[in-house]
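Here the structure is laid out as C-alpha cells; the discussion comes afterwards.
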C-alpha cells in the first residue's frame, strides 16, 4: 500500500517507542559490552565458524520489520559474538580498552549527527576541531599551522603525499601526473603498507615508492612507531637530508605520535617539529576510540585548501553572513566528514594532558615488564612455526587475543600490543602463562 | 610524577565512575538532543558568533583534568549550541531526522570499537556487511558482485575511478599514470564535485574530467539525484553508449539510490543494473546516520581486492585457521575502517524493506506537496538576491534551516531537502509561512 497525501499529517517515527528501544539497547550495551566485556573472568571472544555464526545472527533482511523484542535479542547477539576489544586480555591490535569520556563523546557525536563541512551545520565542532588540532600541533612543537581529522591514518598519509606533490607542481591538480616528471617517495621497508596503497591510488604507482634513478624525489615518509616492531626513525638525521634537498618530510606517527605527551618518551620523536606533516591516530595509544586520526601540517599558506578545494557553490557560498573561512569542508577530499574531534576533546578535558601522559608511560612500563619476564622464563625460545596453532587454540578457548606475523626470514612470532589503560601487571603475567599453557605440548 | 613499576598493579580507569558518567551523559543526550532537539517548539539552532561560542564552550585543553560535573556541563553545552539536525525544520542538508534503531546500532558499534579488516576482530560485522551489501545489490538488480562501505560518497566515487582504470590498465598499480595514455572521465556539469576532487587526488587532473580530444575515455560517471536539483541521468541511454565503447559505467547515486526501495519511484534509475558500479549513501534519504555509504560492484573477478591489496603480513596472514577470504580489509585503501553496516542492518531489520519504501515515498509526497503549495501562493517569485538575507534571519532566530545556492546565471534560491521521517504536512506549511515571514519586507 502506497502512502497517500492524507498520510502526510503524521510523522513515520514514534519518539516514545524509539526512545524506549534506545534505553533498552543502552542497558544491554552497558551490561554485555562494558561490564561483561571487560571482565577478566569472561571470554575475549566467542568463536564460531562463519556458517554457524551467520545462522545464529539471523542476518537476512526481509520485506517486513520485526518486533522490538526480536531486535533487542539481535543487539544481545551482536554483542555476544563480537570481539571484546576492551577486554584487558585483548592484545591483538593497535586499539584496545575503553575510555568512558571518549565513549560519551562518541554517543553524543552520533546523536547530533552532523557533518564537519560548514560552520552553519557544525559551529561547535568547527571550533573544537581547531582547538584540538592546535593542542596536538603544540606537542609537535608548532605554534601555527593547519590540519584535519581524517578517516584513518592511510588517508592522512595520502593527504601528505598529495600536498607534497602539489607544493612542488601546483599544475598537477588540473593537469594530472602525466605532465610531470616521474615522482618517487622515499620510505623504509618497515613503513606502513598505506604508503604503497596510497601511491597506487594516487597514480604514482607502487614501484615508485622506492628510489628510481632519474626520478624526482618529492616526499620522504618516516615512521614513528612501526606497525610490527614499534621502531622510531631518527627524525633529526632525516630532516637534515630533507632540508638540504628541499624535500617534504612526512612523519607517519599513527602509532607512535602519542609519545609526544610523555616527557619521558618524547625523545623518540626528537626533530619532529622539522617535519612538514605528521599523521597521528589518537584512537591507538590514547584510546580515543575508532576512528580518531589527524593530519597535522606546519604550512601556513592554506595549502590544504588550495590543494583540495573544488568550491562547490551549494555548500561553500561566499556571500554568507559569517566568516566563510570557518567553512573548512573544502580542505578535505571528502564531502561528508564525520565529527571525530569531540571524543578526543572530552577525554582530554577529563584527564588532562597529564592523564594522557600517564597512559603512555604506563604502556611503556608494561612493555618493559613483559620483556623482562620473558627473558626470565624458559621455553620462550620457539624453534618451529607454532604461532598459528597457538592462535587457533587461544581464539577457540577465547581466553585472550594476540596477533602474530613473520618478519623477514624469521618464522611467525606473536606481537603483543600493550596500550589499554585497563590492563595491569596480572594481565601481563596472564599473557605469559597463557602462551606457555597453549603451546605447552608443541 | 612518573609512574613506577609499582603502579602496574592497578588499571588507570575506574569502570564504576566511568559508567556513572556515561549514564549521566546518556540522559543528557536523550533529553537535550533527542527530546528537545526534535521538538518543533524549540529552536533548530542557537546562533552565536564564533568568538562568543568559543568562550561559552571553554574549549581550551589543559594539563589537568576536570571534575565530572564540569564535564557534564560541557556535554550540555555541546548539545545546546550544536545544530539540531533531527529537528523537523532542519531542511538544510541531505541528511536529517533520526531513526532510533539506527542510533542504537551506532551506539553499539561505538561501544564494540572494532575495525572491519579481518574476521578475527570483526566476525559479526564481516558477515553482516556482506549481507547488507547483498541486499542493496539485489535492489540494483545484481544476484552477485562485490562492494564495500566507504567513508562517504566521495570515497566511493574515487574507488570506482580507481577500479575502472585498473581494469583497463592493471599496470597502473605498480607503474603509475605516467606510463598510460591520458585518461578522461565523462560526467555531466551537474555531477557532484567529488568527481573533480577525486580526479585531482588520483592524479588524473581535474581538467581531464571533461572530454579531451585524443585522450582515452575510461569512465562515465552518471548521477542519480544531483545535489542541487535532484535530477536523474537517463541510465539506459548512457549504458547503450558505454556498452558500445566498453566504458566503465559508474552511477553516483549517493542521494538518489534510495529510490530503489520504492516500486513507485525506482523507474528513475531504470537501467542501473547495467552499470559497473554504484555509489549509494543510506545516511541520506534512508536516515541511517552519518556515515553510511556503500560502493556496489557488479564485478565477480575480485577486482576490488586485486586493485587495492598490499598483502600486509601482520594483518592478512595466509596461514590462519579460518578461510582468509573473510579477511576483507585488503579490498579497501583504508587500514582502519569503521563499522558502518550495523546501523543500517538494525534499522532495516526493524522496519523491513517495506518501511524503507514508505520513507522514500513519503519524501516524494512531501516534495510534491511543497511544490503545489508554492505555486498557489503569491510572492514566491523572488526577483532580487534575497536568499542570503533570509538565511541570516532564519539562523539568528533559529526557527528552521534551509540551504541556498545560485544555479547557472540565476541568483540564489533555496534548496529545501525533504527526507526526514519525522516531518509532517504542518512542517511543510511552516516552511512556506516562514520564508514568507522572513522575507516579507524585502
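Going through segment A:8-26 one residue at a time, which ones are in a loop (DSSP other than H, G, I, E, B) and surrounded by 15 or more Cβ atoms within 10 Å (Cβ to Cβ)?
Taking segment A:8-26 and keeping what is in a loop (DSSP other than H, G, I, E, B), we get A:10-14.
Hits for segment A:8-26 are A:11, A:12, A:13.
Every residue in segment B:169-179 that is surrounded by fewer than 19 Cβ atoms within 10 Å (Cβ to Cβ) and touching a residue at least 60 places away in the same chain (Cβ under 8 Å), please.
B:170
Of all helices (runs of 4 or more DSSP H) completely enclosed by segment A:67-148, which ones contain at least 2 residues that are crowded, with 23+ Cβ neighbours inside 10 Å, at the interface with chain B (Cβ under 9 Å from one of its Cβ atoms) and within 21 Å of the chain's Cα centre (by Cα)? Walk me through it before giving the result.
Values: elements: A:68-81, A:100-112, A:123-140.
Filter on segment A:67-148 gives A:100-112, A:123-140.
Kindly provide the set of residues from segment A:27-56 that are surrounded by fewer than 16 Cβ atoms within 10 Å (Cβ to Cβ) and under 18 Å from residue A:91 (Cα atoms), ordered by number.
Matches in segment A:27-56: A:39, A:41, A:42.
Could you please tell me which pairs satisfy a Cβ distance under 7 Å, a separation of 6+ or placement on different chains, a first residue in segment A:263-284 that is in contact (Cβ under 8 Å) with a residue 60 or more places away in the chain and away from chain B (no Cβ under 14 Å), and a second residue that is assigned to a loop (DSSP other than H, G, I, E, B) and crowded, with 21+ Cβ neighbours inside 10 Å?
What qualifies is A:273/A:142; A:278/A:253.
Tally time: how many residues in segment B:193-218 are more than 28 Å from residue A:185 (Cα to Cα) and either surrounded by fewer than 19 Cβ atoms within 10 Å (Cβ to Cβ) or more than 7 Å from chain A (Cβ to nearest Cβ) (or both)?
Going residue by residue through segment B:193-218, those that are more than 28 Å from residue A:185 (Cα to Cα) are B:193, B:210-214, B:217.
Those left that are additionally either surrounded by fewer than 19 Cβ atoms within 10 Å (Cβ to Cβ) or more than 7 Å from chain A (Cβ to nearest Cβ) (or both): B:210-214, B:217.
Adding up the residues that qualify gives 6.
What is the one condition in (1) more than 7 Å from every other protein chain (Cβ to nearest Cβ); (2) crowded, with 18+ Cβ neighbours inside 10 Å; (3) within 19 Å of residue B:257 (Cα to Cα) that residue B:367 does not satisfy?
Of (1) more than 7 Å from every other protein chain (Cβ to nearest Cβ); (2) crowded, with 18+ Cβ neighbours inside 10 Å; (3) within 19 Å of residue B:257 (Cα to Cα), only one is false for residue B:367: (2).
Please count how many residues of segment A:8-31 are modelled with pLDDT under 95 and at the interface with chain B (Cβ under 7 Å from one of its Cβ atoms).
7
Give A:59, A:12, A:34 a once-over and let me know the one that is under 31 Å from the mean Cα position of the chain (by Cα) and under 30 Å from residue B:362 (Cβ atoms). Give the derivation first.
Working: A:12 fails: under 31 Å from the mean Cα position of the chain (by Cα); A:34 fails: under 30 Å from residue B:362 (Cβ atoms).
Answer to the check: A:59.
I'd like to verify a number: residues in segment B:393-405 that are at the interface with chain A (Cβ under 8 Å from one of its Cβ atoms) and touching a helix residue (DSSP H, G or I) at 6+ places or on another chain (Cβ under 9 Å), how many?
Keep residues of segment B:393-405 that are at the interface with chain A (Cβ under 8 Å from one of its Cβ atoms), which gives B:395, B:401, B:403-405.
Okay, now just the ones that are also touching a helix residue (DSSP H, G or I) at 6+ places or on another chain (Cβ under 9 Å), so B:401, B:403-405.
Total meeting the criteria: 4.
For residue A:300, indicate whether it is at the interface with chain B (Cβ under 8 Å from one of its Cβ atoms), surrounded by fewer than 19 Cβ atoms within 10 Å (Cβ to Cβ) and in contact with a strand residue (DSSP E or B) (Cβ under 8 Å, 6 or more places away or on another chain). Don't jump to the end; show me each part of the working.
Details: at the interface with chain B (Cβ under 8 Å from one of its Cβ atoms): no; surrounded by fewer than 19 Cβ atoms within 10 Å (Cβ to Cβ): yes; in contact with a strand residue (DSSP E or B) (Cβ under 8 Å, 6 or more places away or on another chain): yes.
Taking the combined requirement at face value, the residue does not satisfy it.
In this structure, does residue B:413 turn out to be more than 8 Å from chain A (Cβ to nearest Cβ) and in contact with a strand residue (DSSP E or B) (Cβ under 7 Å, 6 or more places away or on another chain)?
Yes.
For the subset of segment A:338-353 comprising residues that are more than 7 Å from chain B (Cβ to nearest Cβ) and not in a helix (DSSP H, G or I), which member is surrounded by the most Cβ atoms within 10 Å (Cβ to Cβ)?
A:340
Check off (1) more than 7 Å from chain B (Cβ to nearest Cβ); (2) under 19 Å from residue B:27 (Cβ atoms) for residue A:56 and give me the number that stays unchecked.
The failed condition is (2).
Could we say that residue B:223 is over 19 Å from residue B:362 (Cα atoms) and not in a loop (DSSP other than H, G, I, E, B) here? Outline the logic, then answer.
Numbers: over 19 Å from residue B:362 (Cα atoms): yes; not in a loop (DSSP other than H, G, I, E, B): yes.
Spelling it out, residue B:223 is indeed over 19 Å from residue B:362 (Cα atoms) and not in a loop (DSSP other than H, G, I, E, B).
Residue by residue, here is whether (1) part of a loop (DSSP other than H, G, I, E, B); (2) modelled with pLDDT of 90 or more; (3) facing another protein chain (nearest Cβ under 9 Å) holds:
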residue	(1), (2), (3)
B:286	yes, yes, no
B:312	yes, no, yes
B:317	yes, no, yes
B:336	yes, no, yes
B:355	no, yes, yes
B:381	yes, no, no
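Which residue is nearest to the other protein chains (Cβ to nearest Cβ), if the candidates are limited to segment B:319-333 and must be under 28 Å from residue B:348 (Cα atoms) and outside any loop (DSSP other than H, G, I, E, B)?
The extreme case among them is B:326.
The values are calculated or read from the model by the stated rules, or taken from the named source; none is laboratory data. Just so it is clear, the model here is predicted, and its values are computed rather than measured. Positions of Cβ are backbone-derived with ideal geometry, glycine not excepted, and every protein chain shown enters the neighbour counts.
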